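Have a look at the structure below before the remarks.
The values are calculated or read from the model by the stated rules, or taken from the named source; none is laboratory data. Keep in mind it's a predicted model, so treat the numbers as computed, not measured. Ideal geometry is used to build each Cβ from the backbone, glycine not excepted, and the neighbour counts take in all protein chains shown.
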Amino acid sequence: MDNLLLGFSIIATPINLFYCFVGTFLGTVVGILPGVGPLATIAILMPLTVNLDVTPALSMLCGIYYGVAYGGTATSVLLRIPGEASSVVTCLDGYMMARNGRAGSALTIAAVGSFIAGTIGTVAISYLSPPLAKLVFAFGPAQYTALVLAALAAVTYFSGGALLKALLMVGFGLTLGCVGADPMTLTPRLTFGNLDLVAGIDLTPLAIGLFGFSEILAMARQPLSKLRMIPTPRTLLGFLPNREETRRSVGPVWRGTILGFMVGILPGGGAMLASFLSYALERKVSRRPEEFGKGAVEGLAGPETANNAGSSGALLPLLCMGLPANAVSAVLLTAFMIHGVAPGPAMMERQPEVFWGLIASMYVGNVMLLLMNLPLIGLFVKILEVPRAYLSPLILLLCVIGVYSSGEDSAVVIAILFGFLGYFLRKMDFDLGLLILAYVLGPILERSVRQALTISGGEMSIFFESGLSIGLLVAAGAFLVLGLLPNRKLALRDD
Amino acid sequence: MKRRDFIASGAAFTAGLVAQPATARAQAWPTREITIIVAVGPGSSADALARGVARIASRELNATVQVKNVLGGAGLTGFAELAASKPDGHTFGVVNVGGLLVFPHIMKVPYTWDSFSFLGGVAEGYYGIGIAVNSPIKTIEDLIAAGKSRRVTYSASAIMNGVAMIQLGNATGAKFQFVPASTQPEAVAQAVGGHVDVVVQTPPDLVPLIEGKQLRLLASATYNRWPNYPDVKTLKELGYDAATIVPLGFACSSGVPPAIRAKLEQVIAVAAKDPELMATMRSLTILPRALSGPEFRDAIQSQASTVEGILVAAGMKKT
Amino acid sequence: MLMRISTERIVFLAGLGVALLFFWQSVGLDAWSILGPGPGLFPRVITGFSSVVAALLVAFPGLAKNTAAATSEPEAEPEPGPEERRIFRIYCLAMPFLAIGSAYLGFILMSLILVMALTWFAERRCWRRALVYGVLCGLVGVIGFGQFLGASVPAAELDRVILRFLH
């Protein structure tokens, strides 16, 4: 506690607060705008902070990192363009809520949920770091293999549709993840000889195509009379969730926080896996699973909380062990090094003022983000009142900018192909979320399997050597078997 | 003072990249922004170096200099883009051993050594062998003994990191198995968790865990001892002629006119001696090593036969 | 009903075709290398898996029936009228245009043409407002995103000329 007070006393100077604000503000902006990512922003700003003091510099850069998860929600909910990978799930129920006239409420729940997740995540980093960090080391290739299989099986099982159709989407997603040069030997794979495909299919064109472009096509086919959205209430506080929505988001928020934080600590899946697992979990425990995909509050509140908790969780191994869990926190590590700070236990001992100052800045930053985001909501929901004739070209152009920065012309082509594919798959009632998740997890799965077999010299027994991996594999098997059985439980719950 | 720093940073952000409007427009070159292609992601040592060099080049040439991370194909895309860049001196890039010595053996690449003009080197990476503190292996001798009785595994985020291990294995007959990791932290975590025996990485990856008493530095895998652990000997000092040498430097397309190339070479030479960049390198624990264009080319070429041997041994050599 | 099942079967057949195509691509890759499992092992397993799943669906389309969410059967979409069909077709053509536009036309020209096609031609809005809106979109994209935010935006000669005016 004394340490935390020390941190607050360090951060509570106008200059430090100012930089913290700048960081969170930039984070929000970067999250909202397509084509501008946290990775590039932090990398660009990093050399410019060299002359700053350590604490303001790091609290600004970290502010960008966790601020992004707040901003990313807006485009997913309002336009069905996933601003970040971790807000793909929000395109499902968050967007449907907006279509039902609850855009303001969706954004408020997401912002408050994010705030709770961010704050609890920071508390967890302050007090639970050393034991939780050990978790990172318990996961070797064999355990990762088991974890990914369990996650895929769980999400497939919970996906609610027909198992075989879900499995087809998983298989297709895994296949797409393989396209391009093999990361280990650089052999081009599944490219049909196309040179543009050697670089692989990027997540951005895939997600924007499947969700953004396909939604435009779906909208174009609807008669204008049917398209009219239920307007958001026009009263001053009309954007606030009603009592029913508040009540229904309490459970998802705390479940999402815990789940998201734990998943976020593990390198690889991070915030995105957290949001998917939370969505799956909420659908499973919900008393109204049939509402999912049609604007269920739980389907927004859980994942939006989980992805924020996930990004706080990803900071834990960085701060406590110097091990970044994802690309953005890897840039943060470089920023720490440039400022002469080596994250890890040594940092807490030798530079407690930096560590606790940073922690304090994260508490403050989350409050700032909440205060900054709530008034913006009223502004954001106005975009839904723009008629389709003007809105759809705008969405298309934003999608192009978002996609173009990931791979120029060829990425635009890929996004458009997936736009048409997504449109047809949705018409046929396939689960696109599963496809994206499998696409993201596929490379992790493959790498882990190959590493494990390399370590063991080809012996499969390596997957059954630790309790952790056995447990996860049993869970994966159980989910698949359960999925094959007729789904009586869900049917019973309907009445 | 602080306020001004911020305004400077904010202005640079809004102006897109680390940008300074070109005031002297009379010169024939540069006529537009200069791009430094980096084939690795932001956050890596090479990226931090390139951004440092971009600032110096921007100052020296009075032009906008931006860093462009061209990812994909494990770095191949960036190399191909550099080789194919318009030879007007507005594009140069970071080149390393991987693109020049590894890729051409593994796959068809759209460039050769002659596609590039080498501008000079600025740094060299330190490498070291790290091992979990609770491992029964305490010395390099223990490691070699273990490698003679079983397969000893080592993780690394790039095949090049392991050059020292392969040379060590060849010299002693011990068996060391490379386990490729996709990122630096993954390689390190596998060694700390005991999933592999040792890890070969650079200081930024290893230092936090060494300081955190999770990992021990067994030996330096370069010809120099690490500045922050001067007591840990190099492999060479321990009696084994094994080292991972990875020079970091810059090159441009070979068609760039000699006059412009000379200016770029000069910029790299200035950058390699720049106090601020040296400070950045020190904080990232990269060994500053200024090399002229030809010296840099030779430094990379001297690794050619070693790397080829490794690729053949790993069964990765295709062409 | 019969009609619906047969369309589903066609979709599954297409899925099977794609899966087999990818499987065929993976066959040429080495499954094992000296380093351990090779680049071909995983693609072969998963494309094989996808092919089997797709084949099962082709053989037994009934398995795709959703047992649990029978109530959530998507409400029958009203058959689109001629106007909706016309608009949908224009939107379908607008998508490939984006690829061509970003490769050759630059952002401003592409925005202008896109907005004219959708707002004016498809949705029959006032052409003057569409024109202004299109130019505005293009300028915001090139100046706002490209220049100030450092995002990479498709650029052709026109965009560069405009940017030069800024300096």
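Quick check on segment C:151-163. Is at least one of its residues free of Cβ contacts under 8 Å to residues at least 24 places away in the same chain and closer than 27 Å to residue A:217 by Cβ?
yes
Could you tell me whether segment C:105-113 includes any residue that is modelled with pLDDT of 90 or more, within 7 Å of chain A (Cβ to nearest Cβ) and either surrounded by fewer than 19 Cβ atoms within 10 Å (Cβ to Cβ) or in a helix (DSSP H, G or I) (or both)?
yes
Tell me which residues, restricted to segment A:172-200, are within 22 Å of residue A:437 (Cα to Cα), of a type in the set (Val, Ile, Thr) and surrounded by fewer than 24 Cβ atoms within 10 Å (Cβ to Cβ).
Passing the criteria: A:179, A:191, A:198.
Could you tell me whether any residue of segment B:261-273 is within 21 Å of residue B:62 (Cβ to Cβ), within 14 Å of another protein chain (Cβ to nearest Cβ) and not in a loop (DSSP other than H, G, I, E, B)?
Taking every residue of segment B:261-273 in turn, at least one turns out to be within 21 Å of residue B:62 (Cβ to Cβ), within 14 Å of another protein chain (Cβ to nearest Cβ) and not in a loop (DSSP other than H, G, I, E, B).
Kindly list, by first and then second residue, each pair from a residue in segment A:154-171 that is more than 8 Å from chain C (Cβ to nearest Cβ) to a residue that is among the acidic types (Asp, Glu), limited to pairs with Cβ atoms under 8 Å and residues at least 6 apart or on different chains.
A:159/A:431; A:166/A:431; A:169/A:431
Restricting to segment C:145-167, name every residue that is at the interface with chain A (Cβ under 9 Å from one of its Cβ atoms) and part of a helix (DSSP H, G or I).
Within segment C:145-167, C:145, C:146 meet the criteria.
Since residue B:288 meets every condition but one in (1) more than 14 Å from chain C (Cβ to nearest Cβ); (2) farther than 21 Å from residue B:226 by Cβ, which condition does it not meet?
(2)
Name the residue that is surrounded by the fewest Cβ atoms within 10 Å (Cβ to Cβ), counting only residues in segment A:341-379 that are of a type in the set (Gly, Ala, Ser) and touching a helix residue (DSSP H, G or I) at 6+ places or on another chain (Cβ under 6 Å).
Per the stated criteria, the residue is A:346.
Any chance you could count how many residues in segment B:242-279 are surrounded by fewer than 17 Cβ atoms within 10 Å (Cβ to Cβ) and within 18 Å of residue B:126 (Cβ to Cβ)?
Qualifying residue count, segment B:242-279: 1.
Yes/no per residue for (1) modelled with pLDDT under 75; (2) out of contact with any Asp or Glu (no Cβ under 6 Å at 6 or more places or on another chain); (3) of a type in the set (A, V, I, L, M, F, W, C):
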position	(1), (2), (3)
B:25	yes, yes, no
B:38	no, no, yes
B:62	no, yes, no
B:76	no, yes, yes
B:82	no, yes, yes
B:88	no, yes, no
B:92	no, yes, yes
B:97	no, yes, yes
B:110	no, yes, no
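Give the residues of segment A:156-176 that are out of contact with any Ser or Thr (no Cβ under 7 Å at 6 or more places or on another chain) and within 21 Å of residue A:449 (Cβ to Cβ), sorted by residue number.
Matches in segment A:156-176: A:156, A:169, A:173, A:174, A:176.
Does segment B:103-117 contain any residue that is under 27 Å from residue B:218 (Cα atoms) and either surrounded by 21 or more Cβ atoms within 10 Å (Cβ to Cβ) or within 20 Å of the chain's Cα centre (by Cα) (or both)?
no
Given the options A:45, A:5, A:58, name the one that is without any contact (Cβ under 8 Å) to a residue 12 or more places away in the chain and assigned to a helix (DSSP H, G or I).
A:5
Does residue B:282 count as surrounded by fewer than 15 Cβ atoms within 10 Å (Cβ to Cβ) and either charged (D, E, K, R) or in contact (Cβ under 8 Å) with a residue 12 or more places away in the chain (or both)?
Yes, satisfied.
Can residue A:392 be described as away from chain C (no Cβ under 14 Å), in contact with a helix residue (DSSP H, G or I) (Cβ under 6 Å, 6 or more places away or on another chain), buried (at least 24 other Cβ atoms within 10 Å of the Cβ) and among the small types (Gly, Ala, Ser)?
No.
So, in segment C:43-56, of the ones that are out of contact with any Lys or Arg (no Cβ under 7 Å at 6 or more places or on another chain) and within 8 Å of another protein chain (Cβ to nearest Cβ), which residue ends up nearest to residue B:177 (Cα to Cα)?
C:46
Going through segment B:81-95 one residue at a time, which ones are buried (at least 24 other Cβ atoms within 10 Å of the Cβ) and in contact with a Gly (Cβ under 9 Å, 6 or more places away or on another chain)?
B:82, B:93, B:94, B:95
I'd like the residue in segment A:452-468 that is over 29 Å from the mean Cα position of the chain (by Cα) and within 16 Å of residue A:184 (Cβ to Cβ) and, out of all such residues, is modelled with the lowest pLDDT.
Among those residues, the one meeting the criterion is A:458.
Across segment A:10-42, which residue is surrounded by the most Cβ atoms within 10 Å (Cβ to Cβ) among those that are free of Cβ contacts under 8 Å to residues at least 60 places away in the same chain and of a type outside the set (A, V, I, L, M, F, W, C)?
A:19
Return yes when residue A:419 is away from chain B (no Cβ under 14 Å), surrounded by 23 or more Cβ atoms within 10 Å (Cβ to Cβ), in a helix (DSSP H, G or I) and within 23 Å of the chain's Cα centre (by Cα) and no when it is not.
Yes, satisfied.
Kindly provide the set of residues from segment A:292-318 that are over 18 Å from residue A:95 (Cα atoms) and either of a type in the set (Gly, Ala, Ser) or touching a Phe, Trp or Tyr at 6+ places or on another chain (Cβ under 7 Å) (or both), ordered by number.
Correct list: A:309, A:310, A:311, A:312, A:313, A:314.
Considering only residues of segment A:289-323 that are free of Cβ contacts under 8 Å to residues at least 40 places away in the same chain and at the interface with chain B (Cβ under 9 Å from one of its Cβ atoms), which is surrounded by the fewest Cβ atoms within 10 Å (Cβ to Cβ)?
Residue satisfying both the conditions and the ranking: A:318.
Just to check your reading of the model, which residue among A:88, A:30, A:77 is within 14 Å of chain B (Cβ to nearest Cβ), modelled with pLDDT of 80 or more, touching a Gly at 6+ places or on another chain (Cβ under 7 Å) and farther than 14 Å from residue A:332 by Cβ?
Step by step, each of A:88, A:30, A:77 is checked, and only A:30 is within 14 Å of chain B (Cβ to nearest Cβ), modelled with pLDDT of 80 or more, touching a Gly at 6+ places or on another chain (Cβ under 7 Å) and farther than 14 Å from residue A:332 by Cβ.
Considering (1) more than 30 Å from residue B:57 (Cβ to Cβ); (2) within 14 Å of chain A (Cβ to nearest Cβ); (3) surrounded by 15 or more Cβ atoms within 10 Å (Cβ to Cβ), say which one residue B:134 fails and leave the rest.
(3) is the only condition that residue B:134 fails.
Might you let me know whether segment C:62-84 holds any residue that is of a type in the set (A, V, I, L, M, F, W, C), surrounded by fewer than 20 Cβ atoms within 10 Å (Cβ to Cβ), modelled with pLDDT of 75 or more and over 21 Å from the mean Cα position of the chain (by Cα)?
Among the residues of segment C:62-84, not one is of a type in the set (A, V, I, L, M, F, W, C), surrounded by fewer than 20 Cβ atoms within 10 Å (Cβ to Cβ), modelled with pLDDT of 75 or more and over 21 Å from the mean Cα position of the chain (by Cα), which makes the answer no.
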